[in-house]
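As structure tokens, the structure follows; a few thoughts come after it.
The values are calculated or read from the model by the stated rules, or taken from the named source; none is laboratory data. Predicted, not measured: the structure shown is a model, and the values here were computed from it. Because the Cβ atoms are built from the backbone with ideal geometry, glycine has one as well, and the counts that use them run over all protein chains shown.
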Amino acid sequence: MKKIKAKTKPKEAALKRGAGTVTVRNRSRSLGGSIQTIREVFGYLRRYRDQVFVIKIDDGLMGLPLFPLLIRDIVLLHQTGIRVVLVPGAKRSIDTVLQKYGTRTKTVAGVRVTTPEAMPLVKLGASNVSNTLLSLLAENEAHGVVGNWVRARALGVRDGLDYKQTGRVEKVDAVLMQGLLDDGLIPIVPNIGWNTVGRDYNLNSSELAVAVAKALRATKLFFVGQESGIAVVADCPFAEAEEIQAGVFSNLDLEEGEALLKDYPKALGTNSRELLSLALKALSGGVERVHVVNGARDGILLQEVFSSAGQGTMLYMDDYDHIHPAQGGDIPEILRIMQPYVDKGVLVQRDAEGLIRELEHFTVYKVDDVLQGCGALKPYGKSTAELSALVVDPSYAGRGTGAKLVTYLLQRAKKGGVKKVFLLTTQTSDFFMRLGFKEVSVSTLPPERRQAFNLKRNSRVLAISL
Ligand SMILES: CC(C)(COP(=O)(O)OP(=O)(O)OC[C@H]1O[C@@H](n2cnc3c(N)ncnc32)[C@H](O)[C@@H]1OP(=O)(O)O)[C@@H](O)C(=O)NCCC(=O)NCCS
């Protein structure tokens, strides 16, 4: 089990990455040059076409001046071919209706006990938020549809307390919903579910959003609320960690999230803890990414979807899910990220033909189709390999990508029975020494590599035993 770590000294941190300790990258950065931004957007457009995004919207946002812009942005996503499903929260709206009609409900540990008297008002509150969304979608020339695609059952009696018509999701009719998405509609899923004999239940919208996202095998689930992400309290042991920006995690993988909940539950506020636990359920259920973002910020959804510079918290399955064997289509991007270092004399010049020949040795680091780094591992016999061409795009430097690529390549080498990995470097020896490499003599190189050694470059030779 990986552990969330407090910020350690750089060397310690770098070495621990190699030992499988958590590193959570800081995704926040200002958008780079406009060309790169446009490329990123095109990449995302291609990637997300026909993918399902489930968006849970906190109804507390609905009165804010920027709310119509949020809906406009959602319609833009829909217009690019993303299949959007909306799950509105209705807590505030239900509270307002209950208050208006002088009906009180009891809430226990955040769960409302829905009495038969309150149920019609709960439905009215839920329908009000759905109607608000329908109006705003219509304003943006998009077609929403509200429906009863969710089967529910009673939460029942817990610790002696009967929750009456408060329910939980039993099943989501994914086939029916996919049909609506095929027709270009935006389904709106209210927090009301029905059992097989038509009895209605009041559901938790966030849990509903997770169930819908799982049933539709959504690529992304968004929790759009008024928090900026999964927030940590200031005095927790890792509040200084570099991956926490303004008190909020920029990203967490499943294992890290589980460790956080298990080992430091008090480090999170109630809301963050609840969101994290729901997000982990969604990931375990097959949703690729979960994003917790602040809907009060203009353009937050577009930024989260169309750039790798997210503002909220992104949760995903696996820390290594960004590392893949290089494909032919990666060659132009590999050459592009290498070029600034070739110009500075840090790396030797490579061309497309050479890369095609060497491609099988290359590994790339990609986030949402954006190539951020690469490295190569070439075997010399059975027990020795050379690590080369390690590059991280300067726009993404300093987030642990370089160390992660090295760690991954070393782990792969070890699994393949390699005992020693060496590399040649002119200007990056300190970086590798922090990861455990030591300087060795040129004479230790495999003979064929020694022959190809460029005396003019006068590189240092570093090696690590596995
Ligand atoms: C070296 C390189 C891969 C590091 O990538 P990265 O993703 O920024 O690395 P990480 O985030 O894992 O580590 C960053 C740390 O490495 C340090 N670092 C980066 N380049 C370094 C160098 N040339 N020498 C010493 N340390 C270096 C950074 O200062 C930073 O230190 P800090 O943790 O104390 O702040 C990247 O800078 C690069 O592409 N360099 C040019 C190509 C190169 O030299 N490749 C190696 C030849 S095989």
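If you check Lys266, Lys262, Lys171, Lys220 for being under 18 Å from the mean Cα position of the chain (by Cα) and not acidic (Asp, Glu), only one passes: Lys220. Among the candidates Lys366, Lys382, single out the residue that is assigned by TED's automatic domain parsing to the domain that holds Ala403, of a type in the set (Lys, Arg), more than 13 Å from the ligand (Cβ to nearest atom) and surrounded by fewer than 18 Cβ atoms within 10 Å (Cβ to Cβ). Being assigned by TED's automatic domain parsing to the domain that holds Ala403, of a type in the set (Lys, Arg), more than 13 Å from the ligand (Cβ to nearest atom) and surrounded by fewer than 18 Cβ atoms within 10 Å (Cβ to Cβ) holds for just one of Lys366, Lys382, which is Lys382. Condition first: away from the ligand (no atom under 13 Å from the Cβ) and more than 11 Å from Tyr396 (Cα to Cα). Now tell me which residues in region 369-378 satisfy that. The answer is Asp369, and nothing else.
Restricted to region 388-446, and to residues there that are without any contact (Cβ under 8 Å) to a residue 12 or more places away in the chain and away from the ligand (no atom under 14 Å from the Cβ), the residue that is surrounded by the most Cβ atoms within 10 Å (Cβ to Cβ) is Gln411. Would you say Gly310 is in contact (Cβ under 8 Å) with a residue 40 or more places away in the chain, among the small types (Gly, Ala, Ser) and not assigned by TED's automatic domain parsing to the domain that holds Lys438? Spelling it out, Gly310 is indeed in contact (Cβ under 8 Å) with a residue 40 or more places away in the chain, among the small types (Gly, Ala, Ser) and not assigned by TED's automatic domain parsing to the domain that holds Lys438.
A quick yes/no check of all residues on (1) in the same structural domain as Val212 (by TED's automatic domain parsing); (2) at positive phi; (3) at pLDDT 95 or above:
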position: Arg25; (1), (2), (3): yes, no, no
position: Ser34; (1), (2), (3): yes, no, no
position: Arg39; (1), (2), (3): yes, no, no
position: Tyr44; (1), (2), (3): yes, no, no
position: Tyr48; (1), (2), (3): yes, no, no
position: Ile82; (1), (2), (3): yes, no, yes
position: Ser93; (1), (2), (3): yes, no, yes
position: Gly102; (1), (2), (3): yes, yes, yes
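Of the residues making up region 277-294, those that are polar (S, T, N, Q) and either assigned to a helix (DSSP H, G or I) or not assigned by TED's automatic domain parsing to the domain that holds Arg217 (or both) number 2. For region 139-156, a tally of residues being in a loop (DSSP other than H, G, I, E, B), without any contact (Cβ under 8 Å) to a residue 60 or more places away in the chain and of a type in the set (A, V, I, L, M) returns 1. Kindly indicate whether any position in region 128-138 is surrounded by fewer than 14 Cβ atoms within 10 Å (Cβ to Cβ) and either in a strand (DSSP E or B) or of a type in the set (A, V, I, L, M, F, W, C) (or both). Yes, region 128-138 contains at least one residue that is surrounded by fewer than 14 Cβ atoms within 10 Å (Cβ to Cβ) and either in a strand (DSSP E or B) or of a type in the set (A, V, I, L, M, F, W, C) (or both).
Regarding region 360-374, can at least one residue be identified that is more than 30 Å from Ala211 (Cβ to Cβ), in contact with a Gly (Cβ under 8 Å, 6 or more places away or on another chain) and among the small types (Gly, Ala, Ser)? Yes - at least one qualifying residue is present in region 360-374. Scanning region 327-345 for residues that are within 11 Å of the ligand (Cβ to nearest atom) and hydrophobic (A, V, I, L, M, F, W, C) returns Ile337, Met338, Val342.
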